[in-house]
1. Would you work out the charge dipole size for the chain about its Cα centre, treating the Cβ of every Lys and Arg as +1 and the Cβ of every Asp and Glu as -1, and quote it to the nearest 20 debye?
2. Taking region 128-223, which chymotrypsin sites (Phe, Trp or Tyr not before Pro) meet the DSSP loop condition and have no more than 12 other C-beta atoms within 10 Å?
3. Determine the share of the chain's accessible area contributed by carbon and sulfur atoms, expressed in whole percent, with a 1.4 angstrom probe.
4. Going through region 77-176, which trypsin sites (Lys or Arg not before Pro) have at most 12 other Cβ atoms within 10 Å and a DSSP loop state?
5. With springs connecting C-alpha atoms under 10 Å apart, model the chain as a Gaussian network and identify which of E91, E165, E177 has the largest mean-square fluctuation.
6. Applying 1/(1 + (r/R0)^6) with R0 = 51 Å to the Cβ-Cβ distance of T195 and E347, what FRET efficiency is obtained, to the nearest 0.05?
7. I'd like the distance between the alpha-carbon centres of region 36-95 and region 175-214, rounded to an integer number of Å.
8. Cα atoms only: what Rg and Dmax, in Å, come out for region 274-315?
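The values are calculated or read from the model by the stated rules, or taken from the named source; none is laboratory data. What you see is a predicted model; the values in this text were computed from it and never measured. Neighbour counts are summed over all protein chains in view; Cβ atoms, including those assigned to glycine, are modelled from backbone coordinates with ideal geometry. With ligands, DNA and RNA removed, areas are computed over all heavy atoms of the protein, side chains included. Shrake-Rupley method; radii C 1.70, N 1.55, O 1.52, S 1.80 Å.
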Amino acid sequence: MSKISRRTFLRRAGITVGSTFFIPRFGLAQSPNEKLNIGIVGTANQARFSINNVKSENIVAVCDIDDNFLAKAVQDFPSAKKYNDFRKLLEQKNIDAVVVAIPDHAHAVATVAALKSGHHVYCEKPLTHTVSECREVQKTAEHARKATQIGTQIHAGDNYRRVVELIQRDAIGPVKEVHVWVSAVYGGKKRPTDTPPVPPTIHYDLWLGPAEYRPYSPEYLPFVWRNWWAFGGGTMADFGCHYMDLPHWALGLHAPLSVEAVGPERDPECPPVWMIAHFEYANPKGGDPIKLTWYQGGKQPDFLEPEIAQKWKSGVLFIGEKGQLLSDYGRHMLLPQEKFRDFAHPEPFIPKSIGHHKEWIQACKTGSPTTCNFGYSGTLTEAALLGNVAFRVGKKIEWDSKNLKAKNCPEADEFIQHHYRQGWKL
């Protein structure tokens, strides 16, 4: 017995007596002092941020469709096995947990496969590319009972915690309205007509994954994939989960009741460069619905004072009966300032985070909860993605969350449901 590692013993014990003994919330735990064996799916750009935050553990496998990116990862982690296909990585026997940091269109297939193969999963935001994928990922995670976390790392910052406390302590009174704006711009492209050869270092078919085949273009990868509906969802998909996270958390919002969006002329290939989306949510405290308005591409609420509009290019504004609260990632203020000049901030009641990735690592080892698990973040992602759905159908969506249907708009199914090319499935 002394020659068997604790991790190996626990796994064998789980197979043998799992039906008899209590299993922690996220599956069998291990010693907090024992390092995780982590596989990394996607190694460049945003993936580097996650790699830097988990490299204190054992990076035992790295995967990328770009051989140049992969070579850099292997250089940093020479003992890690390398793969171009994440499905092969998931077959490696000694992996405990997986970080998914690839384009949106492949999030769900990689995440579901990792959960089904018994791994804890950290996935970049948005959790999925389509609304239906969100629901499938949530169901799979609930069944798998593994530690999950979405890459909304701003959630772990002190600023968001203080804002949530102020809202939940009624500093500005009951909130019935929220405005969220982001300055980022994506879209505005035309589908490439030229067909250059695929660079020899890129495994393009693996990059496409479940997406419908189209000829290679440098207009699709790397990173620029966010400009295309086939692979991403523009500004809303990139920033919706970050900025809408704050009102969802502070107000306890769940699925929207309805969504309506306006913007430039719709394009079948590209997300809109600007968009304004109107969401209505059931008020958890009862009464009238809570209204949330989203603005992207430089659009802002037209009632902002010029100084605020200039200094806050992106922000979240809560409007309450007794005042307003304005926030972004790292700062917040109560408005009007003269009214709240002598305001005494409440004693903090939300504990300081140990770190967004560290939460997940600790959960993998001990079964402790994460703040942005797939139960919470799946609902958040669904809401954000519905803004894009409403824009694409060009009409107000009355949302039936239970049945995953736009009650008044059957044509929305095209954008709600995932569609994979042959050989790919959840």
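1. 1520
2. Counting only loop positions with at most 12 other Cβ atoms within 10 Å, the chymotrypsin sites (Phe, Trp or Tyr not before Pro) in region 128-223 are Y213, F223.
3. Percent of accessible area from carbon and sulfur atoms in the chain: 52.
4. K93, R169
5. Looking only at E91, E165, E177, the biggest GNM fluctuation is shown by E91.
6. 0.25
7. Each part reduced to its Cα centre gives a spacing of 23 Å.
8. Every Cα atom of region 274-315 included, Rg and Dmax give 13.0, 36 Å.
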